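The values are calculated or read from the model by the stated rules, or taken from the named source; none is laboratory data. Since this is a predicted model, take the numbers as computed values, not measurements. Ideal geometry is used to build each Cβ from the backbone, glycine not excepted, and the neighbour counts take in all protein chains shown. All accessible areas refer to the heavy atoms of the entire protein, side chains included, with ligands and DNA or RNA removed. Shrake-Rupley method; radii C 1.70, N 1.55, O 1.52, S 1.80 Å.
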Amino acid sequence: MTDHETDHEPDHEKTQTADSALLRNARAHALAARVRLMAFDVDGTLTDGGIVIGPGGELFKRFSVRDGLGLVLLQQAGIRVALVTGRNSEIVSQRARELKIETVLQGVADKAQAMRDLCDQEGLTLEQAGFMGDDWPDLPAMQAVGFAATVPDADAEVRRIAHFVAGAPAGAGAARELAEFVLRAQNRFESSLGRFDGRTA
């Protein structure tokens, strides 16, 4: 390699990459603006995916307090929040009670159908719903709704179809980042923040 050669991509390729990222973000922003129901997978999305199991079964999962506030903020903004998981766990039920999440679907084999049913119950279209997941069982639901989100360490196929990929890890800020993105897309971020810093009523 000569003094004038580099291993960097050409400027026009950098520009194309940047333009593509901007377009992707703009589309995600537009889709998030329509969300009235936001559903979340639990293991690997609201947690880091680890499960501690003892002789009597599941012992504990680790949740993020910041993620929890994100889900509360969505609800305060009038966005319905649901938990949709393939496992059954009293720990999940307890966490939902703490966050006042009324819609908790556990042991769900068909998450896409669960989303269709939820939308029917709420009088919403699938385009008005979002789903955040991390692995193959979440793909049908993510493909069914109008806004699909995921975490940075999700399976590659999940990241490929997602409109929004959080930068923060699963169970450590990803759901909070998603919540703030949705609030900004709906011009509700400042009013949500105002509840805490006193800038707005």
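For the stretch 57-110, the fraction of C-alpha pairs farther apart than 18 angstrom is 32 percent.
Using the 1.4 Å probe convention, the accessible area of the chain works out to 54 Å² per residue with neighbouring protein chains retained. Charge dipole (Cα centre; +1 on Lys/Arg Cβ, -1 on Asp/Glu Cβ; no other charges) of the stretch 53-133 amounts to roughly 320 debye.
Can you give the extra length, in nm with one decimal, that the chain gains between residue 66 and residue 184 once fully stretched, where that is 0.36 nm per residue apart less the Cα-Cα distance?
Answer, rounded to one decimal: 40.8 nm.
Once the Cβ-Cβ distance of residue 98 and residue 24 is raised to the sixth power relative to R0 = 25 Å, the FRET efficiency obtained is 0.15. Note on the stretch 98-201: percent of Cα-Cα distances in each 5 Å bin, starting at 0 and stopping at the bin with the largest distance, equals 2, 12, 18, 21, 22, 14, 7, 3, 1. Considered as an equivalent ellipsoid built on the Cα gyration tensor, the chain has semi-axes of 30, 22, 18 Å, the largest given first.
Suppose we flag GluC sites (Glu not before Pro) only when DSSP calls them loop and at most 14 other Cβ atoms lie within 10 Å. Which is the longest uninterrupted stretch of the chain?
103-201
Loop-located trypsin sites (Lys or Arg not before Pro) in the stretch 79-128 (DSSP state other than H, G, I, E, B) with a sparse environment of at most 13 neighbouring Cβ atoms within 10 Å: 100. Its Cα centre serving as origin, the chain has a Cβ charge dipole (Lys and Arg +1, Asp and Glu -1) of approximately 1080 debye.
From the helices alone, meaning DSSP H stretches of at least four residues, give me the mean residue ellipticity at 222 nm for the chain, per-run term -39500 (n - 2.57), in deg cm²/dmol to the nearest 500.
-13500 deg cm²/dmol, from helical runs alone.
Relative to the present Cα-Cα distance, how much length would full extension add between residue 159 and residue 122 at 0.36 nm per residue of separation?
Residue separation times 0.36 nm, minus the Cα-Cα distance, leaves 10.5 nm.
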